Every structure is written in C-alpha cells, then in structure tokens.
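The values are calculated or read from the model by the stated rules, or taken from the named source; none is laboratory data. Quick caveat, the model's predicted, so the values are computed rather than measured. Cβ coordinates were reconstructed from backbone atoms using ideal geometry, including for glycine residues, and neighbour counts include every protein chain displayed.
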Amino acid sequence: MPDVLVWLPEIEATRRLLYHEDGLEELQLLGVRAYYYTSTTGDENKIRLVREALWNLSFQPEVFKKSEQRDRTKGVDIALATDLLGNAYRDNYDAAVLVAGDGDYVPLVEEVKRLGKTVHVIFFGEKGRGLNPELRLASDRFWELEQAFAASWEQHSAKG
C-alpha cells in the first residue's frame, strides 16, 4: 500500500531472513511477535483494511490516523518507542529489529542497548538517501534492504 506499508510477498513477519546475492531466503521461524507501526489517511474502514493487511502478514498492527496536513503522526513514533523500550525493560526480547532511518530514534536505540539488547537497524532507501548516519552508527548491525526487496518482488512478479 503506497505511503502506508511495504513488505515481502508470502513471507511471514516472524520469519528470520538471510540475504545473499540470489535474494532473500527464509531460515526459520524465529520471533514470537512482530509489530508494524504506520499511519494512514482515511476513515475507520481504511484503518481497518490496513490493520487486516498487516495482520495477514503476521504482524501485530499498530495503525494511527494520519492528519491530512502532516506526513506522519507523532503517535507512531511514541508508540514504537514506548513498546521497544518497555519490552526491553521487561526482558521480552534479546534482539530488536528497527526498520527506520530517522535520527530521532538514536536515543531510543542507545537506551535499548544500555538495557543489554542487540539492535539491528534496517533501512530501505536508494544508496542510503534519507538515512540518518547517526542511526546507522548507533545500531549493533545495519542492513540495507532495498536490493533484497527488489529482487524478492521481481521473483514474485515472475511467478504470477
């Protein structure tokens, strides 16, 4: 869904993926729960459709209503930060995967790491455009996945 969500076709959110030159490969069921935070314009029906699409991909959907005047809502950032930090504090995970490029997440990543967690940052963007370099440096491991996603979508399109 343009400007709302993007994910790989036919890959469950809780699967561990390996990227190699031939594309992405599923390794194993790894996570118990994966959250997807996004916002969208529209009515309650549109929000429900987005939630349903994310749920069908095995995500716990966290969908916020986006104001027509702003590109994104602060509710997304606050909910993501609260959940990531709260679950780290409660020792609900060992490693977090944050798909983002915004430098506003640097203090969050650093605090989660202080709690003893590993933080992987994944970014989709052409040659890092839009990625805050401090976020990359704050992470324990950084993944650039634009090529992997493109390869996966090409394979999916060729099948269908």
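Contact map, region 43-58: first residue surrounded by 13 or more Cβ atoms within 10 Å (Cβ to Cβ), second residue part of a loop (DSSP other than H, G, I, E, B) and of a type outside the set (D, E, K, R), Cβ cut-off under 6 Å, separation 6 or more or different chains; pairs are Val50/Val4; Leu57/Trp7; Leu57/Ala13; Ser58/Ala13; Ser58/Thr14.
Checking the conditions here, which among Asp91, Asp77, Asp83, Asp71 is closer than 18 Å to Ala34 by Cα, surrounded by fewer than 11 Cβ atoms within 10 Å (Cβ to Cβ) and either of a type outside the set (Ser, Thr, Tyr) or at pLDDT 90 or above (or both)?
Details: Asp77 fails: surrounded by fewer than 11 Cβ atoms within 10 Å (Cβ to Cβ); Asp83 fails: surrounded by fewer than 11 Cβ atoms within 10 Å (Cβ to Cβ); Asp71 fails: closer than 18 Å to Ala34 by Cα.
From the options Asp91, Asp77, Asp83, Asp71, the qualifying one is Asp91.
Among the candidates Leu108, Leu115, Leu137, the residue that is out of contact with any helix residue (DSSP H, G or I) (no Cβ under 6 Å at 6 or more places or on another chain), modelled with pLDDT of 95 or more and either hydrophobic (A, V, I, L, M, F, W, C) or on the phi > 0 side of the Ramachandran plot (or both) is uniquely Leu137.
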